[in-house]
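Reviewing the structure listed below.
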Amino acid sequence: MVPITDSTWHPADADCPKNSLETSLVTSLGKDWHRPCLKCEKCNKTLSAGSHAEHDGKPYCNNPCYSALFGPKGFGRGGTESHTFK
């Protein structure tokens, strides 16, 4: 979850071990990231660029984290909902 170009998240003197390694970059949320640093803000799961959710500029895995945190009440928490549409 550490973007390379945003000094508020990744200051120049930060100790990210990927700075000294040959690591591929991905672009997501308008920022460049070390591939292993693009992680869900909640569960720390490594994410793929373009296949995750975003809230307040931070990445989240779609399910269960984003759904549980920002979805309808009960969604992503093992509950079952039933709706009938006519």
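What follows draws every value from the coordinates through simple rules; no lab data is involved. It should be emphasised that the depicted structure is a prediction, and the values quoted were computed from it without experimental measurement. Reconstructed Cβ throughout: ideal geometry from the backbone, glycine too, with neighbour counts over all protein chains shown.
Remarks
- Close amide H partners of Ser28, meaning residues 5 or more places away or on another chain with modelled amide H under 5 Å apart, are Trp33.
- When only Cα pairs below 8 angstrom with a gap of at least 6 residues are kept, segment 17-70 shows a relative contact order of 25 percent.
- Sorting 37-47, 53-63 by their mean Cβ neighbour count within 10 Å, with the most densely packed peptide first, gives 37-47, 53-63.
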